[in-house]
Amino acid sequence: MTERLADISARIESVGQLGAVVNAMKGIAAARAHTARTQLEAVDSYAATIAAVMSSALGPEAAPSRAPRSSAGKATQAKTGLLVFCAEQGFAGAFSERVLDSIDVEPDAKTLFLVGTRGLALAAVRGIVPVWSAAMPSHTPGIPKLADRITTAIYNLVGAGNIDRLDVIFTEQKSGRPTVRRQTLFPIDMSNLPAPAFENPLMQLPVGALIDSLGADYFHALVCRTALHAFAAENDARLEAMSAAGSQIARELETFQATLRRVRQEAITAEIIELGTGAAAARDER
């Protein structure tokens with residue numbers, strides 16, 4: 001009985017330590033998701049500023065050229081690359097599976113870019129090997145450097161004539177639920193630019209060179225934005241998974257503690273009976 005009590009106590013201590021680890025992971029995931037969303041506001045403001053400057057540089061007379069091209073033209077002419085953001089670390093549920101399942105057709109390995117170590121391993125199991133891959137930074141300050149690497153790799157394929165369009169697949173929180181989205185990052189849809197912020201701005205560069213430079217910055221900002229969304233969504237998924245694990249641990253602790261109370265009561269009862277039996281035997285001997 002004593003050994004059983006010791007075993008149950010040790011199990012309770014072990015489960016309690018696991019619960020502490022789970023709670024720590026929940027706190028880290030929540031903090032990282034909150035930080036990413038805070039920085040999303042700054043990136044959106046930065047991208048909006050660049051878009052306003054581009055619109056001013058083009059001027060109102062360029063408005064017709066900003067009309068979107070037909071989807072049919074894109075489908076028949078564009079060589080499309082695909083940038084996919086999956087999970088970097090474990091304990092995120094089916095995060096990467098949902099992202100990879102959203103790819104409606106088999107991706108071309110020569111034009112596929114994949115971010116996320118866990119997602120890369122899962123893609124390999126499915127026979128998907130990208131032309132380029134990278135790990136997602138563990139903290140948001142590393143995302144701009146990741147965007148630098150992504151844009152450099154994409155520009156290399158664009159320069160080689162392998163792609164002239166880039167779509168991105170990432171996860172974002174929408175109405176409190178994770179939503180997998182696919183959108184076009186390149187070429188920039190000029191129809192989405194805001195109205196010109198300045199009339200007749202003073203420019204010291206040719207309009208074409210200025211738009212190319214601003215477009216590169218705008219593209220970089222869009223890559224940062226999608227990466228931050230994916231970063232926040234992965235940590236939200238981890239927070240949800242750890243919350244479920246924490247609930248399970250709490251139920252197990254309650255069960256073990258109830259067992260411990262019952263075993264202790266049984267041990268006390270056995271001791272009382274033993275003492276009573278010993279006392280009765282002593283009286284009989286006298």
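Here, each number is a calculation from the coordinates, and none is a lab measurement. Model, not experiment: these values are computed from the prediction. Methodologically, a virtual Cβ is constructed for each residue, glycine included, from the backbone with ideal geometry; neighbour enumeration extends over all protein chains shown.
Listed values, structure above:
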quantity: Where a residue in the stretch 225-236 is touching a residue at least 24 places away in the same chain (Cβ under 8 Å) and its partner, wherever it lies, is of a type in the set (Phe, Trp, Tyr) and assigned to a helix (DSSP H, G or I), with Cβ under 8 Å and at least six apart; calculated: Ala233/Phe95; Glu234/Phe95
quantity: Complete set of residues in the stretch 104-140 that are exposed (fewer than 14 other Cβ atoms within 10 Å of the Cβ) and among the aliphatic types (A, V, I, L, M); calculated: Val105, Ala109, Ala121, Ala124, Val125, Val129
quantity: Options Ile154, Ile143; residue that is closer than 22 Å to Asp189 by Cα, surrounded by 15 or more Cβ atoms within 10 Å (Cβ to Cβ) and touching a Phe, Trp or Tyr at 6+ places or on another chain (Cβ under 8 Å); calculated: Ile154
quantity: Residues that are within 24 Å of Lys79 (Cβ to Cβ) and within 15 Å of the chain's Cα centre (by Cα), drawn from the stretch 117-135; calculated: Gly119, Leu120, Ala134
quantity: The stretch 258-272 residues that are touching a residue at least 24 places away in the same chain (Cβ under 8 Å), paired with ones that are surrounded by 11 or more Cβ atoms within 10 Å (Cβ to Cβ) and small (Gly, Ala, Ser) (beta carbon under 9 Å, 6 or more apart); calculated: Leu260/Ser9
